[in-house]
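Participant: First the structure, which I've put down as structure tokens, then a few questions once you've had a look.
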Number of protein chains: 2
Amino acid sequence: MSIRIGIWGYGNLGRGVECALKQNPDMELAGVFTRRDPKTVQILTEGASVYSTEDVEKMKDAVDVMILCGGSATDLPVQTPKCAQMFHVVDSFDTHAKIPEHFAKVDEAAKSNGKIGIISVGWDPGMFSLNRMYANALLPNGKDYTFWGKGVSQGHSDAVRRIDGVKDAKQYTIPVDSALDAVRNGDTPELTTRQKHTRECYVVAEEGADQARIENEIKTMPNYFSDYDTTVHFISEEELKKNHSGIPHGGFVIRSGKTGWNEENTHVIEYSLKLDSNPEFTSSVLVAYARAAYRLSQEGQSGCKTVFDIAPAYLSAQSSEELRKQLL
Amino acid sequence: MSIRIGIWGYGNLGRGVECALKQNPDMELAGVFTRRDPKTVQILTEGASVYSTEDVEKMKDAVDVMILCGGSATDLPVQTPKCAQMFHVVDSFDTHAKIPEHFAKVDEAAKSNGKIGIISVGWDPGMFSLNRMYANALLPNGKDYTFWGKGVSQGHSDAVRRIDGVKDAKQYTIPVDSALDAVRNGDTPELTTRQKHTRECYVVAEEGADQARIENEIKTMPNYFSDYDTTVHFISEEELKKNHSGIPHGGFVIRSGKTGWNEENTHVIEYSLKLDSNPEFTSSVLVAYARAAYRLSQEGQSGCKTVFDIAPAYLSAQSSEELRKQLL
């Protein structure tokens with residue numbers, strides 16, 4: 001019997017989960033849950049239905065794992081604990097400072113209902129965290145570096161769009177090659193914000209808008225741009241649509257550390273991602289951890305977990321014997 | 001109380017474990033076990049003792065986890081199951097085809113004595129296997145590539161040394177940059193052995209030896225060299241000592257895969273290692289998994305495990321709360 005997956009929220013992430021399920025034959029889409037009128041939501045999977053989130057309790061026995069596809073600011077803090085009363089849940093909660101609080105709420109809801117909750121799943125937090133953790137455990141005497149990009153930052157793109165005279169915009173975060181190379185060489189430089197990443201903005205200005213003023217407002221914007229070397233390109237709306245409509249992202253997690261009786265040897269561990277679609281990759285990670293949630297529950301476990309708490313084999317559709325034979 | 005570690009076998013790997021323990025204050029060296037006369041073995045750790053492997057049973061209650069530092073051909077198949085009757089054990093068994101058999105033997109010994117055994121720990125098998133497995137679970141629709149090097153291959157160096165007229169030799173395995181780049185770009189090329197790696201030999205010839213014959217014997221040696229583009233450099237003994245006495249290694253595990261309803265998006269996951277000392281890095285991995293073995297046993301678990309079966313958090317000296325706060 002396949003694992004029955006519910007999708008809560010049908011934006012880029014929800015659609016990504018739907019696509020990922022297609023590639024995992026041990027799972028099936030049990031339903032998409034939306035706050036909109038279900039009749040207005042078109043999904044891709046033949047035979048699957050869209051339900052109102054208000055009717056979710058009726059689906060209590062039809063869904064094994066609910067994948068929460070809302071935002072971390074206001075959706076997940078409410079939805080994940082609520083759903084954990086009825087289903088095993090997986091979310092991509094990424095407000096770093098609030099993880100302990102979110103963990104506690106999901107843990108309580110999940111434990112008192114015999115459910116598994118896995119939070120902060122994706123690539124950062126998620127696979128990047130996992131690689132930071134493994135590398136720290138292997139090389140306790142070392143230094144971590146995380147670089148993001150090249151990729152689209154939604155928050156920074158939004159910030160540019162809010163500037164007066166800007167019709168549309170896309171912002172790319174780009175790691176600085178020379179900093180990456182220094183870290184890869186096993187040097188352990190102290191890098192400022194400006195030395196690690198540059199920012200590149202593609203801006204469609206409104207007709208007659210003062211481009212010099214827009215460029216200056218971007219480059220001097222505190223928190224978002226003022227600490228970085230930023231390049232601004234003014235382009236046409238057509239160009240933006242044609243060349244900048246994707247949502248690529250990625251990055252690098254590097255740890256370099258010393259071993260040897262006198263710390264004479266240097267080692268560099270690097271993990272990197274190059275993603276055509278940030279939400280589709282995040283969805284793929286969510287789906288693998290949904291499998292893990294289901295399996296852990298089959299063993300009688302309950303409560304909240306993170307990527308740190310889950311043995312890798314639970315993510316794979318293959319058996320332990322197959323994994324040992326084929327991938328070890 | 002710290003975790004008491006035994007080292008079985010004191011070659012490069014055993015010494016690496018000793019060095020790694022120095023960096024992990026929650027563990028201590030309980031003793032080194034050797035087949036040699038213990039009086040002839042000098043170790044680095046003040047206050048620690050060397051014992052004969054014949055006296056190991058007397059140390060049953062003084063060691064928590066025994067780290068086996070012998071070879072996979074004849075040592076580990078016997079020693080790991082034997083030690084698993086008395087201690088939790090960790091080894092770096094790397095004879096791929098015999099892993100299921102080794103697993104079964106260690107599992108039986110460990111289970112019937114309430115011990116934990118973790119086998120095939122290191123970087124390949126080990127961290128590379130782990131990364132292949134994670135990447136396969138996240139991107140089921142994709143293709144794996146493993147490249148090794150630049151690094152010293154002990155087996156290939158030995159093969160060159162066995163040639164008549166060769167006094168000493170070192171062989172490096174080198175990944176082909178253009179193949180690496182193609183894979184990183186998300187292409188999924190079919191690569192032959194020759195297209196993935198080249199081999200470079202540094203040879204000290206005996207006086208008067210026929211260098212042309214030696215070079216030809218190397219380049220045409222079946223299994224070891226005939227399928228590769230091989231370069232042979234004749235150098236002096238001094239030069240070999242000065243420039244080629246290290247044991248660096250490393251490599252790349254890359255998976256590229258497709259997502260999207262029509263497989264329209266490509267993602268590339270890459271994990272790489274650049275190691276000054278192959279045995280010291282392997283040792284560092286062994287020590288982290290020794291911590292995991294101890295912790296699993298504290299939970300009452302027993303039997304044989306691999307890196308696939310062990311939740312990442314068990315490797316770290318930090319608590320789950322700290323990990324969530326600092327590394328997630």
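Taken together, the values in this text are just the output of simple stated rules run on the coordinates, not laboratory data. This structure is a prediction, so every number in the text was calculated from the model and none was measured. Methodologically, a virtual Cβ is constructed for each residue, glycine included, from the backbone with ideal geometry; neighbour enumeration extends over all protein chains shown.
Participant: Hey, what number do you get for chain A at 222 nm if only DSSP H runs of n ≥ 4 count, each worth -39500 (n - 2.57), divided across all residues, to the nearest 500?
Facilitator: Using -39500 (n - 2.57) per qualifying helix, the result is -9500 deg cm²/dmol.
Participant: Place the label 7 angstrom along Cα→C-beta at B:Lys143 and in each other copy, then list the distances from the first to the rest in nm, shortest first.
Facilitator: Shortest to longest, the spacings are 3.9 nm.
Participant: On to the next question. Which order do the peptides B:130-140, A:283-293 come out in when sorted by mean C-beta neighbours inside 10 angstrom, highest first?
Facilitator: Result, highest mean Cβ count within 10 Å first: A:283-293, B:130-140.
Participant: Another question about this same structure. Compute the Rg to Rh ratio over segment B:199-287 from the alpha carbon atoms, using the Kirkwood formula for Rh, and round to two decimal places.
Facilitator: 1.18
Participant: To continue, here is another question. Which aspartates and glutamates have a Cα lying under 18 Å from the Cα of A:Lys105, excluding residues fewer than 8 positions away in the same chain?
Facilitator: The qualifying aspartates and glutamates are A:Asp75, A:Asp91, A:Asp94, A:Asp309, B:Glu321, B:Glu322.
Participant: Put one equal scatterer on each alpha carbon of the protein assembly as shown, apply the Debye formula with no solvent term, and list log10 I(q)/I(0) at q = 0.06 1/Å to two decimals.
Facilitator: Taken in order of the listed q values, log10 I(q)/I(0) reads -0.38.
Participant: Two-decimal Rg/Rh of segment B:1-97 from alpha-carbon positions, Kirkwood Rh?
Facilitator: 0.94
Participant: Same structure, new question: Cα gyration tensor of segment B:77-205, axes a ≥ b ≥ c as square roots of the eigenvalues: rounded (a/c below 1.5), prolate (a/b > b/c) or oblate?
Facilitator: Oblate shape, in that a/c is at least 1.5 and b/c is the bigger or equal ratio.
Participant: Sticking with this one: Antiparallel as a % of all DSSP beta bridges within segment A:127-277, to the nearest 5?
Facilitator: Restricted to segment A:127-277, the bridges split so that about 80 percent are antiparallel.
Participant: Name the shape class, rounded, prolate or oblate, that the alpha-carbon gyration tensor gives for chain B, where a ≥ b ≥ c are the square roots of its eigenvalues, rounded holds for a/c under 1.5, and otherwise prolate holds if a/b is larger than b/c and oblate otherwise.
Facilitator: Since a/c reaches 1.5 but b/c is at least a/b, the shape of chain B is classed as oblate.
Participant: Now for a separate question. Can you give the FRET efficiency to the nearest 0.05 for B:Thr231 and B:Arg36, using r as the Cβ-Cβ distance and R₀ = 35 Å?
Facilitator: After rounding, the FRET efficiency stands at 0.35.
Participant: Dipole magnitude of segment A:73-133 about its Cα centre, charges +1 at Lys/Arg Cβ and -1 at Asp/Glu Cβ only, in debye to the nearest 20?
Facilitator: With Lys and Arg at +1 and Asp and Glu at -1, about 160 debye.
Participant: Taking each pair of different alpha-carbon atoms in segment A:82-145 once, compute 1/r for the pair, average those values, and report the inverse of that mean as the Kirkwood hydrodynamic radius in Å to one decimal.
Facilitator: Its Kirkwood hydrodynamic radius stands at 13.0 Å.
Participant: When a/c is below 1.5 the answer is rounded, else prolate if a/b is larger than b/c, else oblate, so apply that to segment A:127-277 with a ≥ b ≥ c taken from the square roots of the Cα gyration tensor eigenvalues.
Facilitator: prolate
Participant: Let me ask another. Shortest first and in nm with one decimal, please list how far the B:Thr45 label point sits from its counterparts in the other copies (point 7 Å along Cα→Cβ).
Facilitator: 5.3
Participant: Once the Cα gyration tensor of segment B:142-203 is diagonalised, what are the square roots of 5 times its eigenvalues, in whole Å and ordered largest first, as equivalent ellipsoid semi-axes?
Facilitator: 30, 9, 9
Participant: Another question about this same structure. Give the Kirkwood hydrodynamic radius (Å, one decimal) of segment A:253-328, defined as one over the mean of 1/r across all pairs of different Cα atoms.
Facilitator: 15.6
Participant: Something else: Fewest to most neighbouring Cβ within 10 Å: what's the order for B:Asp177, B:Asp75?
Facilitator: Ranked by crowding around the Cβ, least crowded first: B:Asp177, B:Asp75.
Participant: Would you kindly work out, in nm and rounded to one decimal, the distances from the label point of A:Asn12 to those of the same position in each other copy, ordered shortest first, with label points 7 Å along Cα-to-Cβ?
Facilitator: The answer, with the shortest distance listed first, is 4.7 nm.
Participant: Continuing with the same structure: With a Förster radius of 45 Å, plug the Cβ-Cβ distance of B:Thr74 and A:Ser178 into 1/(1 + (r/R0)^6) and report the FRET value to the nearest 0.05.
Facilitator: So the FRET efficiency works out to roughly 0.40.
Participant: Rounded to the nearest 5, what is the percent of antiparallel bridges among the DSSP beta bridges in the protein assembly as shown?
Facilitator: 55
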